[in-house]
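K.L.:
Got a structure here, written out as C-alpha cells. Questions coming.
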Amino acid sequence: MEKMLQVEIVTPDRLVLDEKADYVSATGIGGEFGVLPNHVPYLTALKIGSLYYKANGKNHYAFISGGFAEVSDNKVTILAESAELVEQIDLERAKKAKERAEKRLASKEDYDQSRAEIALQRAIIRISLKSSNGL
C-alpha cells in the first residue's frame, strides 16, 4: 500500500511544486477537499484559495488562483492559472494590490467590478497565508 502522494502544482509559466506528501488539501468549487494516499480518482475545478500539504512532518502552504485538480494513482496534479508557495508571496505587493482593489470597488468610475472583486479576493488570501504562517 502506497504511503505517499506525489504533488505537482503547474502554471502556464512554470512548475511551482513537485514533491512527495502525506496529505493534500485544497479549495474546490464544491468546497474544501482532502486527499490521502490511495484516494479514488477525482477531478475538480478550483476556486481562488489555498493549498495545504503535509510532508516530512511539516505543514506547507501555497496560494492557488483557480484552475483544476486531478487525483489519480497517488498523484495530485494542480493546474493553476497562477500559484505561489507561501515563501514566495510578497506581502507588501499583496497589501498594495488589496488597497488598489478596494479603491476601485469604492470608486464610482467605470471599472470592471468583477475583476476588482477577484483581485481583492486574491490579495486577501495571499496576505492571510503569509501572515498566518509567520513568514
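K.L.:
For segment 25-53, how many residues are over 8 Å from the mean Cα position of the chain (by Cα) and β-branched (Val, Ile, Thr)?
P.N.:
Looking only at that region, the number is 4.
K.L.:
Please determine, by comparing only the residues of segment 21-50 that are in contact (Cβ under 8 Å) with a residue 12 or more places away in the chain and out of contact with any strand residue (DSSP E or B) (no Cβ under 7 Å at 6 or more places or on another chain), which one is farthest from Ser65 (Cα to Cα).
P.N.:
Looking at the filtered set, the residue picked out is Asn38.
K.L.:
Can you name the residue in segment 1-20 that is among the hydrophobic types (A, V, I, L, M, F, W, C) and touching a residue at least 40 places away in the same chain (Cβ under 8 Å) and is also farthest from Ile89 (Cα to Cα) among such residues?
P.N.:
Met4
K.L.:
State yes or no: is Lys75 of a type in the set (Lys, Arg), within 14 Å of the chain's Cα centre (by Cα) and either farther than 20 Å from Leu129 by Cβ or not assigned by TED's automatic domain parsing to the domain that holds Ile125 (or both)?
P.N.:
Values: of a type in the set (Lys, Arg): yes; within 14 Å of the chain's Cα centre (by Cα): no; either farther than 20 Å from Leu129 by Cβ or not assigned by TED's automatic domain parsing to the domain that holds Ile125 (or both): yes.
Answer is no for this residue.
K.L.:
Check Tyr61, Tyr42, Tyr23, Tyr53 and return the single one that is within 24 Å of Lys3 (Cβ to Cβ), of a type in the set (Ser, Thr, Tyr) and in contact with a Lys or Arg (Cβ under 7 Å, 6 or more places away or on another chain). Quick ask: steps written out before the conclusion?
P.N.:
Working: Tyr61 fails: in contact with a Lys or Arg (Cβ under 7 Å, 6 or more places away or on another chain); Tyr42 fails: in contact with a Lys or Arg (Cβ under 7 Å, 6 or more places away or on another chain); Tyr53 fails: in contact with a Lys or Arg (Cβ under 7 Å, 6 or more places away or on another chain).
Being within 24 Å of Lys3 (Cβ to Cβ), of a type in the set (Ser, Thr, Tyr) and in contact with a Lys or Arg (Cβ under 7 Å, 6 or more places away or on another chain) holds for just one of Tyr61, Tyr42, Tyr23, Tyr53, which is Tyr23.
K.L.:
One residue is enough: does segment 112-121 have a residue meeting the conditions under 11 Å from the mean Cα position of the chain (by Cα), closer than 20 Å to Thr11 by Cβ, outside the structural domain of Leu17 (by TED's automatic domain parsing) and modelled with pLDDT under 95? Outline the logic, then answer.
P.N.:
If we filter segment 112-121 for residues that are under 11 Å from the mean Cα position of the chain (by Cα), which is where we start, we get none.
No, there is no match, as no residue in segment 112-121 is under 11 Å from the mean Cα position of the chain (by Cα), closer than 20 Å to Thr11 by Cβ, outside the structural domain of Leu17 (by TED's automatic domain parsing) and modelled with pLDDT under 95.
The values are calculated or read from the model by the stated rules, or taken from the named source; none is laboratory data. The structure presented is a predicted model; accordingly, all values stated were derived computationally and were not measured. Neighbour counts run over all protein chains shown; Cβ positions are idealised from the backbone, glycine included.
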